[in-house]
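Taking it in order: structure first as structure tokens, then the write-up.
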Amino acid sequence: MFDPCPHPRVFALPPGVDFPRALVQGLRQRAAGQAPHVLARAQVVVNTHRMERRIRALFDAGPATLLPRVSLVTDLTALGAVTHLPPAIPPLRRRLELVQLITRLLDQQPDLAARASIFDLSDSLAALIDEMQGEGVSPAIIRALDVSDQSGHWARAQQFIAIAEHYLRSGDDELDVQARQRRVVEALIAEWALRPPEHPVILAGSTGSRGTTMLLMEAVARLPQGAVVLPGYDFDQPERVWDGLEDALTAEDHPQFRFARLMARLNLTPDQIAPWSDDVAPCPARNRLVSLALRPAPVTDAWMSEGPQLEGIDTATRDITLIEAASPRDEALAIALRLRQAAEDGQSAALITPDRMLTRQVSAALDRWNILPDDSAGLPLHLSPPGRFLRHVAALFSARLDGEALLSVLKHPLCHTGEGRNEHLLHTRDLELDLRRNGPPFPGVGDLAAFATRREVPEGWTNWVARCFCDQHVTGTLPLIDWVDRLRQLAEALSAGTEGGTGSLWEQKAGQEALAIVTALADEAPHGGEMDARDFADLLGGLLSTGEVRDRDAPYPGIMIWGTLEARVMGAELLILGGLNEGSWPESPAPDPWLNRRMRHDAGLLLPERRIGLSAHDFQQAIGAPEVWLTRAKRSDDAETVPSRWLNRLTNLLQGLPDQGGAAALSEMRARGRRWLSMAEALEEAPRSAPAPRPSPRPPLAARPRQLSVTEIKKLIRDPYAIYARHVLRLKPLDPLVQAPDALLRGIVIHEILESFVRDSVLDMALLNRDTFLKRAATMLEELVAWPTARALWLARLDRVADAFLLSEEARRADAGPIAFEARMRKQLDGLDFTLTGRADRIDRTERGSLCLYDYKTGAPPSEKQQAKFDRQLLIEAALAEEGGFEGIDPAPVARAVFIGMGGSYKEVPAPLDAEPPARVWAELHQLIGAYFEPDQGFTARRMLHKDSDAGDYDHLARFGEWDRSATSEPEDLT
């Protein structure tokens, strides 16, 4: 197939060419006129499965011919590599072993790193081991590095690298994937040196970014019938620029750096790299422009010398559109509009970006037109239904069961997938409402049984829930194999439901992928040692995040979303390069906890700029397509963005060439972009709706409330709309599912403690001491509060106010004694069909027969001025006491009424009975209630709240925010 050649045989294709199509075309051209078996004997080695599938599809499209053998660079058995080496150690096994070793190291030296970083450190260390094996770097080279300026960091890093050294010295029986691949390549090269293959061997599509692949490329290029075909080779780059791409420290981020290194190792010059086929770039002028724009930083002075000689700038930029959107949403909408246009025109189009947030926004925008793009990245497995379900199940082992964890699993679509799912969802809804209303925060078997009794739920369902959810929390450590068995058994039981079986958890593609990961984890679990529940949940989440699921239902033909890797092997008429901002494309290099940039270079490892150089090569290939869009957002959600360095170079070069029409061409590119941005803006336009007025509904008199509690009078004064919503519309806020030790619970518990303590001390004054009070508080907190932290905090607060409370309690007992706790109040207002109800925390009677009213407050008690105007609870209770409104207590004068503050400090605030005597309060209460029985009186929203920041339960119903306190209320008569 190939004529004899005095130098290693390396071919290339320029940027913008559909590489797989041109590769197939070149093979056909070279096999033309020869026997059919010549092409069949050829061995084509490619670097990705996608490339392999595309090549086969192109051959299948015809004309008919015998097919070459196509294999992957990671599977060298097709090249005749025969080795005695056993299979590579699974990467998961290595990771589990590293986790154990790092855990032991941190147990011995806790100051080396935080325990929360164990899994991240194991991943990073595994990556370093892989890289050292792939690049052929021995531990001795690492130890010999010059670390004179960073001895402290290096001493800590050596502790971990010693672990890596153990694996790097392992024998042939325990080789990692990269180590085995390098051994196989070395054995194959040695075999070829003695017996080179006589059939053609073509290695195509690789850039040689890894050391092992570079070794194989060199060996193939030197074979008598071997050839290497490079993608995206810059034929327009001058030789002097190629000569400057030798130092990795200054040139690794250049798109052609890897090709320059290959030529240096093969002693080739740029003119010895021949075109593989007759295919030409869609726009050679654009390739020349981009080549000049991407020159290495040390030689960008070429812009001054070569720029004025550049021709065809108008041709180069004619089919380029530059989108500089104000926000990521605007960018996504403009891209979606262009993809929609391509779908209407029957044009193949692809969005290329590493920014997954942008791809999700574009997909969401396309959904409005029922266009489902073919997304090559698919869905991360940990975000798929099986992935989420397994993570929820694993979380049950690491914490006490609460309502949120319970219902998250019960409501999941993969829970109870067998028969009776409709009944399961009905019972789940009833359970949620019951937990919201009755609690407890941490349900147990007894609570589920009580729920079943209250709601008449089948016993079989509640027993299944109790069996699957209760007592799953594990506080100690277990072997990893036990964790995996627990996970699988519980997940299958939950998915099957009450009827048994395994359910549909492992069905569909996502379920199969999840099962494969769980099975692999079970196989390697003996190497995982022991861990606690939290570490197991983290491990499972990390493993699931490495998988992806492509299970699309009939994606729209010709509309695609690719990562930069897919863009190398696929072709489309329109390519949209999205997210061209620094940190997105190119992505920021990941931090390396082991070696800095200089140390990596001295050791012969890959520099952080390697990924930037690969991204630059992807950019140079993609921008050579027939039609190109370059898009970016000027601002992210929280800050201004920086244009991608390649886009920045291109625009700067064009601006600096006004005489060649560069500035005008750039203006036209932006003008085309602004046209699409204006269309996107028009798409977002919505008719302006007038803001809602401040409501003041006036319901019919018959519908107005005829009964309120004493505490609701404050709400009637400050926010009448809340009374309307609760008592006229009968809307009640839904209790939170996640119960917390909030102010409401604290108030209830402190009231219970004080009532119990004071009630018992009535019979025995000796109980009024600090130790008894705190012991009673600790006992009741243990009984009533399920959160240990809250119990400790609240007990500490009671300890702080105990002395002041006991001292004041002794003073209160000097001339009075408690006669009632939680005394019920009920009184109908004369002349009005209205009843006042409530409960008083505590009532004492003095020796003279008068009453003393006390109300406990765990927050800040209202001041006397606030009581006089708004918070009239104690004043109304005093009026009720004198009017005979307390059940079982005869009317009597009120000597005093006091708020007892039990918050951060002890405080007593008396009610202003002298300034607001009970008779006046009772008359003003009649007047207030009577006013709301007038037809023209409305229930105004947020009428007199204390602070603008105060939130009400019904503010959303009143459309607060569309109006403020300065707005005039608009009464509305209701029927």
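Quick one: in segment 951-973, of everything that is more than 35 Å from the chain's Cα centre (by Cα) and in contact (Cβ under 8 Å) with a residue 24 or more places away in the chain, which residue is nearest to P691 (Cα to Cα)? Ranking the qualifying residues of segment 951-973, first place goes to A967.
Name the one entry in S376, S363, S384, S398 that is under 18 Å from D532 (Cβ atoms) and either touching a His at 6+ places or on another chain (Cβ under 7 Å) or among the hydroxyl-bearing types (S, T, Y) (or both).
Working: S376 fails: under 18 Å from D532 (Cβ atoms); S363 fails: under 18 Å from D532 (Cβ atoms); S384 fails: under 18 Å from D532 (Cβ atoms).
Exactly one of S376, S363, S384, S398 is under 18 Å from D532 (Cβ atoms) and either touching a His at 6+ places or on another chain (Cβ under 7 Å) or among the hydroxyl-bearing types (S, T, Y) (or both), namely S398.
For R454, state whether it is surrounded by fewer than 17 Cβ atoms within 10 Å (Cβ to Cβ), basic (K, R) and over 19 Å from S398 (Cα atoms). Criteria met by R454.
If you take the residues in segment 572-600 that are of a type in the set (D, E, K, R) and either within 24 Å of A114 (Cβ to Cβ) or out of contact with any strand residue (DSSP E or B) (no Cβ under 9 Å at 6 or more places or on another chain) (or both), which one is surrounded by the most Cβ atoms within 10 Å (Cβ to Cβ)?
First, pick out the residues of segment 572-600 that are of a type in the set (D, E, K, R): 573, 582, 587, 592, 597-598, 600.
Next, from what is left, pick out any that are either within 24 Å of A114 (Cβ to Cβ) or out of contact with any strand residue (DSSP E or B) (no Cβ under 9 Å at 6 or more places or on another chain) (or both): 587, 592, 597-598, 600.
Values: E587: 15, D592: 16, R597: 15, R598: 14, R600: 22.
Filtering segment 572-600 for residues that are of a type in the set (D, E, K, R) and either within 24 Å of A114 (Cβ to Cβ) or out of contact with any strand residue (DSSP E or B) (no Cβ under 9 Å at 6 or more places or on another chain) (or both), the one surrounded by the most Cβ atoms within 10 Å (Cβ to Cβ) comes out as R600.
Only residues that are farther than 23 Å from T546 by Cβ and β-branched (V, I, T) were counted in segment 375-411, giving 1.
Report, by residue number, each residue of segment 462-499 that is aliphatic (A, V, I, L, M) and more than 15 Å from V518 (Cβ to Cβ).
Start the filter on segment 462-499 by keeping residues that are aliphatic (A, V, I, L, M), which leaves 465-466, 474, 478, 480-481, 484, 487, 490-491, 493-494, 496.
Matches in segment 462-499: V465, A466, V474, L478, A496.
Are there any helices (runs of 4 or more DSSP H) wholly within segment 274-349 with 3 or more residues that are touching a Ser or Thr at 6+ places or on another chain (Cβ under 7 Å), and if so which? Spell out how you get there, then give the answer.
Numbers: elements: 284-293, 302-306, 313-317, 328-345.
By residue number, 328-345.
Looking only at segment 822-846, residues that are of a type in the set (D, E), out of contact with any Gly (no Cβ under 8 Å at 6 or more places or on another chain) and assigned to a strand (DSSP E or B) come to 2 in all. Taken over segment 360-370, the criterion of being crowded, with 18+ Cβ neighbours inside 10 Å and either basic (K, R) or assigned to a loop (DSSP other than H, G, I, E, B) (or both) is satisfied by no residue. Scanning segment 709-750 for residues that are of a type in the set (S, T, N, Q) and either touching a helix residue (DSSP H, G or I) at 6+ places or on another chain (Cβ under 6 Å) or in a helix (DSSP H, G or I) (or both) returns a single hit, T711. Inspection of segment 71-78 finds no residue satisfying the criterion of being in a helix (DSSP H, G or I), more than 20 Å from T212 (Cα to Cα) and of a type outside the set (S, T, Y).
Across segment 808-821, what is the total count of residues that are assigned to a strand (DSSP E or B) and under 21 Å from V909 (Cβ atoms)? Spell out the reasoning first.
Start the filter on segment 808-821 by keeping residues that are assigned to a strand (DSSP E or B), which leaves 816-821.
When the remaining residues are screened for being under 21 Å from V909 (Cβ atoms), the result is 816, 818, 821.
Count: 3.
Quick one: how many residues across segment 283-306 are at pLDDT below 90 and of a type outside the set (V, I, T)?
Here is the first cut: in segment 283-306, the residues at pLDDT below 90 are 295-306.
From what is left, the residues that are of a type outside the set (V, I, T) are 295-298, 301-306.
The total comes to 10.
Just one of the listed residues (L67, L39) is in a helix (DSSP H, G or I) and either farther than 30 Å from R21 by Cα or not β-branched (V, I, T) (or both), namely L39.
Yes or no, residue by residue, for (1) buried (at least 16 other Cβ atoms within 10 Å of the Cβ); (2) within 15 Å of D871 (Cα to Cα):
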| residue | (1), (2) |
| --- | --- |
| R943 | yes, yes |
| D948 | no, no |
| D955 | yes, no |
| R959 | no, no |
| S966 | no, no |
| E972 | no, no |
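Being surrounded by fewer than 19 Cβ atoms within 10 Å (Cβ to Cβ), over 30 Å from G542 (Cβ atoms) and not hydrophobic (A, V, I, L, M, F, W, C) holds for only one residue in G62, G26, and it is G62. Annotation note: Cβ proximity below 6 Å between a residue of segment 184-204 that is not assigned by TED's automatic domain parsing to the domain that holds P68 and a residue that is among the β-branched types (V, I, T) and in a loop (DSSP other than H, G, I, E, B) (sequence gap 6+ or interchain) occurs for V184/T83; A187/T83. Per the listing L215, L249, the residue uniquely part of a helix (DSSP H, G or I), at pLDDT 90 or above, among the hydrophobic types (A, V, I, L, M, F, W, C) and farther than 20 Å from I55 by Cβ is L215. Restricting to segment 732-777, and then to whatever is under 38 Å from the mean Cα position of the chain (by Cα) and among the basic types (K, R), can you tell me which residue is surrounded by the most Cβ atoms within 10 Å (Cβ to Cβ)? Checking each candidate, the answer is R746. Considering segment 807-849, and only residues there that are under 55 Å from the mean Cα position of the chain (by Cα) and charged (D, E, K, R), the residue that is nearest to L928 (Cα to Cα) turns out to be R826. Restricting attention to segment 203-224 and to residues that are within 18 Å of R183 (Cα to Cα) and among the charged types (D, E, K, R), the residue that is surrounded by the fewest Cβ atoms within 10 Å (Cβ to Cβ) turns out to be E218. One residue alone among T858, T835 is closer than 23 Å to L745 by Cβ and assigned by TED's automatic domain parsing to the domain that holds M765, and that residue is T858.
Condition check ((1) touching a residue at least 40 places away in the same chain (Cβ under 8 Å); (2) touching an Asp or Glu at 6+ places or on another chain (Cβ under 7 Å); (3) surrounded by 14 or more Cβ atoms within 10 Å (Cβ to Cβ); (4) charged (D, E, K, R)) across all residues:
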position: D402; (1), (2), (3), (4): yes, no, yes, yes
position: L406; (1), (2), (3), (4): yes, no, yes, no
position: E419; (1), (2), (3), (4): yes, yes, no, yes
position: T428; (1), (2), (3), (4): no, no, yes, no
position: L431; (1), (2), (3), (4): no, no, yes, no
position: N438; (1), (2), (3), (4): no, no, no, no
position: G446; (1), (2), (3), (4): no, no, no, no
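Of L216, L245, all but one fail to be within 15 Å of S291 (Cβ to Cβ) and not assigned by TED's automatic domain parsing to the domain that holds F619; the exception is L245.
If you go through segment 42-63 and keep only what is part of a loop (DSSP other than H, G, I, E, B) and free of Cβ contacts under 8 Å to residues at least 40 places away in the same chain, you end up with A61, G62, P63. Entry remark, segment 498-518: residues being under 29 Å from R550 (Cβ atoms) and part of a helix (DSSP H, G or I) number 11 in total. Scanning for something within 15 Å of E239 (Cα to Cα) and either of a type in the set (F, W, Y) or in contact (Cβ under 8 Å) with a residue 40 or more places away in the chain (or both), does segment 275-287 turn up at least one residue? Looking for residues that are within 15 Å of E239 (Cα to Cα) and either of a type in the set (F, W, Y) or in contact (Cβ under 8 Å) with a residue 40 or more places away in the chain (or both), one finds none in segment 275-287, hence no.
Can you spot a residue in segment 474-495 that is among the polar types (S, T, N, Q), in a helix (DSSP H, G or I) and farther than 24 Å from P386 by Cα? Give the steps one after another, and end with the answer.
Narrowing segment 474-495 to residues among the polar types (S, T, N, Q): 475, 477, 489, 495.
When the remaining residues are screened for being in a helix (DSSP H, G or I), the result is 489, 495.
Now narrow it down to the ones that are farther than 24 Å from P386 by Cα: none.
No: zero hits.
Identify, please: which residue in segment 882-933 is part of a helix (DSSP H, G or I) and free of Cβ contacts under 8 Å to residues at least 12 places away in the same chain and is, among those, surrounded by the most Cβ atoms within 10 Å (Cβ to Cβ)?
Going through segment 882-933, the residues part of a helix (DSSP H, G or I) turn out to be 882-883, 918-931.
Now drop any that are not free of Cβ contacts under 8 Å to residues at least 12 places away in the same chain, which leaves 920, 923-924, 927, 931.
Working: R920: 12, A923: 12, E924: 15, Q927: 9, A931: 11.
Only one residue fits best here, namely E924.
Hey, which of the strands (runs of 3 or more DSSP E) in segment 528-632, taking only ones fully inside, have at least 1 residues that are in contact (Cβ under 8 Å) with a residue 60 or more places away in the chain and outside the structural domain of W369 (by TED's automatic domain parsing)?
On the way: elements: 530-532, 559-562, 574-577.
Fully inside segment 528-632 and qualifying: 530-532.
The values are calculated or read from the model by the stated rules, or taken from the named source; none is laboratory data. No experiment lies behind these values; they were computed from the predicted model shown. Note: ideal-geometry Cβ built from the backbone for every residue, glycine included; neighbour counts use all protein chains shown.
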